[in-house]
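The values are calculated or read from the model by the stated rules, or taken from the named source; none is laboratory data. Predicted model only: the values in this text are computed from it and were never measured. Here the Cβ is made from the backbone with ideal geometry for all residues, glycine too, and neighbour counts use every protein chain on show.
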């Protein structure tokens, strides 16, 4: 075979190879282009995927539940593992201290001197010292001091009804103190329209 016949064969072989190479590049390019069109130009990162899932879930959550849904820092609803809305926590209740009962100051007044009276049906006599107390205000004690003469007369009149047996013993003293409280309040109500004495204290108690 001559050299002239071998040259066309070599040229045809090179052309055939080039055609296959070009065709291969074309196929690769078509494949890449199709992949770009189908899957997009860039791969989604985890945050984009999460946001997409949240967006899809938002459409599935009823609006009334979405209102009570807890939101993250970006304002998206927080969902649990099952895709349900995590309800917003109630604000912590602030406990308030229970106000203590108002404590009123107890005011005292002692009637000057001791009061002495004969016991009914007996030669013995009773000598007592009397103090009064109130939790209202000083006006009550001022009334006691203002009407001291009238109050002493009422007290002596009440004591004159007591017998020796009625004033002996601790219980008898309590009953006497309660009786004198009623006597004093009754007189103050008559004179001032209000009593206000809450307790009578027998500061001295002598029977002879």
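General remarks:
- Residue within region 186-196 that is touching a strand residue (DSSP E or B) at 6+ places or on another chain (Cβ under 8 Å) and either at pLDDT 95 or above or assigned to a strand (DSSP E or B) (or both) present: no
Here is a yes/no grid of residues against (1) touching a strand residue (DSSP E or B) at 6+ places or on another chain (Cβ under 8 Å); (2) surrounded by 13 or more Cβ atoms within 10 Å (Cβ to Cβ); (3) assigned by TED's automatic domain parsing to the domain that holds residue 178; (4) without any contact (Cβ under 8 Å) to a residue 24 or more places away in the chain:
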residue: 121; (1), (2), (3), (4): yes, no, yes, no
residue: 127; (1), (2), (3), (4): yes, yes, yes, no
residue: 131; (1), (2), (3), (4): yes, yes, yes, no
residue: 134; (1), (2), (3), (4): yes, yes, yes, no
residue: 140; (1), (2), (3), (4): yes, yes, yes, no
residue: 149; (1), (2), (3), (4): no, no, yes, yes
residue: 155; (1), (2), (3), (4): yes, yes, yes, no
residue: 158; (1), (2), (3), (4): no, yes, yes, no
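- Considering residues of region 83-124 that are closer than 30 Å to residue 142 by Cα and at pLDDT below 90 only, the residue nearest to the chain's Cα centre (by Cα): 100
- Taking residues in region 63-91 that are exposed (fewer than 10 other Cβ atoms within 10 Å of the Cβ), and partners anywhere that are at pLDDT 70 or above, the pairs with Cβ atoms closer than 6 Å and at least 6 places apart or on different chains are 80/86.
- Some residue of region 163-176 being outside any helix (DSSP H, G or I), modelled with pLDDT under 95 and surrounded by 14 or more Cβ atoms within 10 Å (Cβ to Cβ): yes
- Scanning region 132-162 for residues that are part of a helix (DSSP H, G or I) and farther than 14 Å from residue 115 by Cα returns 138, 139, 140, 141, 142, 143, 144, 145, 146.
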